[in-house]
Amino acid sequence: MTTGTLALAIVAVILAQLTALALVGYHRRKGMSPDRTSHPDTPLAAGNGPAWDGYRDFVVQRRIMEDAAESICSFYLTPVDGQPLPAFKPGQFLTFKLQIDDPETPPPKTLVRCYSLSDRPRPDYYRVSIKRVLPPAGNPAVPPGRSSNYFHDHVQEGMRLSVKAPSGHFHLMEQEPLPIVLVGGGIGVTPMLSIINYLLQSDSQREIWFFHGLRNSSEHITKEHLESLAKGHPNFHLHTCYSRPGTKDVEGIDYRHRGHVDIKLLRLTLQLKRHQFYVCGPRAMMESLVPALEAWGVATDDIYYEAFGPATLPKHQKPKAQVSKPEMAQPAITVTFSKSGKSLTWNPNAESLLEFTEDNDIEVDSGCRAGSCGSCQTALKSGEVDYSQDPDADVESGHCLLCISKPKSDLTLAA
Ligand SMILES: Cc1cc2nc3c(=O)[nH]c(=O)nc-3n(C[C@H](O)[C@H](O)[C@H](O)COP(=O)(O)OP(=O)(O)OC[C@H]3O[C@@H](n4cnc5c(N)ncnc54)[C@H](O)[C@@H]3O)c2cc1C
Ligand code: FES
């Protein structure tokens, strides 16, 4: 081989490598994975924007009670327009707008709530699984959860619902096919079901550990389905934990561990290597487990978590400790509401701009009160806000989410 041919061969090899790298980069940016391409009925993940604008009409095809206690009901939804269902990223949620017409509390009210998709992306239906929310323990005089009880008591097969496109930043990350650890506590199981069903249906070879925390068999949903997946897929490891087993619940048969899912159990079960963690469950579980994972040495970038809206509790129910912590004296901040024509001094004890706005009788839309649904998005005409957490809803430029923000400077809001 002459020096010229050798040089040409080297250039050809370099060009081939650059082309391959460019293709890999393209596929990563598009969020594609080898898992998806091998299953034609699983459409590609949704891109960055919503799959449709605003609300779309869906019809309830089926409803199925999932647990013995009849506290969790699944709703199967298809679009009224008959168009194909756009895919979503397993772990994302739907946002519903409900018109609740209760003769006892007229006039009809609009409620916005988010519910995670509880099955894998499929072309034929979306599924959500909704837990009936009771009054807080020890306070039976308080009304039960409005949306969840409306779903359980009034949303029947054939009924139409207004639904926003799937969204949310808590979803399966496919770029790095690391072993994956899913922790679902209580109704926090729903996004995990979507992730598990998607990965196993796609014949993913990733190691999947699922720690499912619940009280006992009375609220055990999709038990047979999960157990049969564990039998059929050696890479799927199911660890069910009952915190308060019933008298007939047998350890080793009905469930695997007694107690809550905690860091001790994870450390005893998992090998010391890099995993991706996904955590969704009650506030107490999240507040203990997420810091414990970090303290164990798990990189923050490998922990994804979602709370089902701690702020769904009305504002007056928030723990007092949060408003009484000592604060440095701050210069007074003025919040101006341009539509209402009010200029008010910010109350540093307010939990959020949403709470401050409501306290001052200024009407704004709200839903999840957790930065997820986008209902409280308001144009920010001047000034800056600080967010208490990253917004899950996509916020338009020049706008802010009132429910998770506080003013950083004097502000003018278009409200
Ligand atoms: C991203 C996301 C995903 C979610 N996914 C799911 C899911 O898959 N499945 C699911 O079941 N849920 C899910 N949720 C939670 C869901 O959105 C609702 O928050 C939940 O159903 C409760 O709403 P509600 O209208 O029934 O209760 P609300 O009416 O908001 O009431 C909440 C609580 O406040 C109490 N309360 C009501 N009035 C008063 C009062 N005057 N004083 C004191 N207390 C009062 C109620 O008794 C209840 O305990 C998700 C939330 C988010 C943010
Ligand atoms: S109320 Fe849902 S994002 Fe603020």
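Worth a mention:
- Averaging the Cα positions of each part gives two centres, and for segment 173-227 and segment 151-172 these lie 21 Å apart.
- Using the Cβ-Cβ distance between Ala141 and Ile100 with R0 set to 25 Å, the FRET efficiency from 1/(1 + (r/R0)^6) comes to roughly 0.80.
- For Pro407, neighbours were defined as the other residues whose beta-carbon sits under 10 Å from its Cβ, and their charges (Lys and Arg +1, Asp and Glu -1) total -1.
- Cβ-Cβ FRET estimate between Glu294 and Tyr387, R0 fixed at 22 Å, reported to 0.05: 0.60
- Summarising the label geometry, the points placed 7 Å from Cα in the beta-carbon direction at Ile362 and Asp394 lie 2.7 nm from one another.
- Residues of segment 373-402 with amide N under 16 Å of the 7 Å Cα→Cβ point at Asp410: 381-385
- Per-residue HN-Hα couplings for segment 235-244 [Karplus 6.51, -1.76, 1.60; θ = phi - 60°; Hz; x = Gly/Pro]: 8, 10, 10, 9, 10, 9, 10, 9, 7, 9
- Rounded, prolate or oblate (a/c below 1.5 giving rounded, otherwise prolate when a/b exceeds b/c) for segment 180-302 by Cα gyration tensor: oblate
- Cα centroid separation - segment 247-271 against segment 375-394, whole Å: 40
- Note that segment 87-95 has calculated 3J(HN,Hα) couplings of 6, 8, 8, x, x, 7, 10, 9, 10 Hz, one per residue in order, obtained from phi through the Karplus relation 6.51 cos²θ - 1.76 cosθ + 1.60 (θ = phi - 60°); glycine and proline are x.
- Residue-span extension gain [Glu227 to Asn347] - 0.36 nm each, minus C-alpha spacing: 38.0 nm
- Under the Karplus curve 6.51 cos²θ - 1.76 cosθ + 1.60, θ = phi - 60°, whole-Hz ³J(HN,Hα) for segment 112-127, x wherever Gly or Pro sits: 10, 9, 9, 9, 5, 6, 9, 10, 5, x, 9, x, 9, 7, 9, 10
The numbers here are math on the coordinates, done by the rules we state, and not lab data. Owing to the predicted nature of the structure, the values given are computational and were not obtained by experimental measurement. Cβ coordinates were reconstructed from backbone atoms using ideal geometry, including for glycine residues, and neighbour counts include every protein chain displayed.
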